Amino acid sequence: QVQLVESGGGLVQAGGSLRLSCAASGRTFSSYAMGWFRQAPGKEREFVAGISWSGIRTAYADSVKGRFSISRDNAKNTLYLQMNSLKPEDTAVYYCAADSGVLSRTPDEYDYWGQGTQVTVSS
């Protein structure tokens, strides 16, 4: 079992930045690939970024590539998402998730989820 708690969301103006954190507890954090997903009202949950257990491999949705950066600190059991040049269309609830398999863009592949943190970008 892995417990995940997101933090760092909030209200920001377009062009601004936020850094999300995801604190993990329970089973060995470093053995899981991790991902960030988001869900806007009326839309399906979508992949934002993912990182392998070692941190060597990363993946991004085209919509955030070049603006967002995912990283992890296995010593602190924490996952991060640095979000720069935010746009109103980035507004959503952001979730972190843990995958006991390989890095994946598919929500169904993930085993554990956090409760989410709201990010609102005003124009």
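The values are calculated or read from the model by the stated rules, or taken from the named source; none is laboratory data. In this text, all values refer to a predicted model and were calculated from it rather than measured experimentally. All Cβ positions, glycine included, derive from the backbone under ideal geometry; neighbour counts span all protein chains shown. To get the accessible areas, we keep the full protein, side chains included, count just its heavy atoms, and leave off ligands, DNA and RNA. Shrake-Rupley method; radii C 1.70, N 1.55, O 1.52, S 1.80 Å.
Candidates are the residues of the stretch 32-58 that are in contact (Cβ under 8 Å) with a residue 40 or more places away in the chain and under 11 Å from VAL102 (Cβ atoms); the one that is nearest to the chain's Cα centre (by Cα) is GLY50.
Inside the stretch 60-79, can you point out the residues that are assigned to a strand (DSSP E or B) and farther than 11 Å from ALA23 by Cβ? Correct list: TYR60, PHE68, SER69, ILE70, SER71, ARG72. Whenever a residue of the stretch 3-24 is within 18 Å of ILE51 (Cβ to Cβ), its partners that are basic (Lys, Arg) and at pLDDT 95 or above, lying with C-beta atoms within less than 6 angstrom and at least six residues away or across chains, give the pairs GLY8/ARG19.
Is the stretch 35-49 home to any residue that is assigned to a loop (DSSP other than H, G, I, E, B) and in contact with a Ser or Thr (Cβ under 6 Å, 6 or more places away or on another chain)? Break it down stepwise before answering.
Start the filter on the stretch 35-49 by keeping residues that are assigned to a loop (DSSP other than H, G, I, E, B), which leaves 40-45.
With in contact with a Ser or Thr (Cβ under 6 Å, 6 or more places away or on another chain) added as a condition, the list becomes none.
Among the residues of the stretch 35-49, not one is assigned to a loop (DSSP other than H, G, I, E, B) and in contact with a Ser or Thr (Cβ under 6 Å, 6 or more places away or on another chain), which makes the answer no.
Here SER25 meets the list (1) at pLDDT 95 or above; (2) part of a strand (DSSP E or B) almost entirely, failing just condition (1). In the set (1) surrounded by fewer than 20 Cβ atoms within 10 Å (Cβ to Cβ); (2) under 17 Å from VAL102 (Cα atoms); (3) more than 14 Å from the chain's Cα centre (by Cα), the condition left unmet by PHE29 is number (1). Filtering the stretch 112-123 to residues that are open to solvent by 70 Å² or more (accessible area, probe 1.4 Å) and in a strand (DSSP E or B) leaves TRP113, GLN118.
Within the stretch 4-26, restricting attention to residues that are within 12 Å of the chain's Cα centre (by Cα) and among the polar types (S, T, N, Q), the residue that is surrounded by the fewest Cβ atoms within 10 Å (Cβ to Cβ) is SER7. Considering each residue of the stretch 89-111 in turn, none proves to be under 23 Å from SER123 (Cβ atoms), open to solvent by 60 Å² or more (accessible area, probe 1.4 Å), part of a loop (DSSP other than H, G, I, E, B) and touching a strand residue (DSSP E or B) at 6+ places or on another chain (Cβ under 9 Å). Being more than 17 Å from VAL2 (Cβ to Cβ), of a type in the set (Phe, Trp, Tyr) and open to solvent by 30 Å² or more (accessible area, probe 1.4 Å) is true of TYR60.
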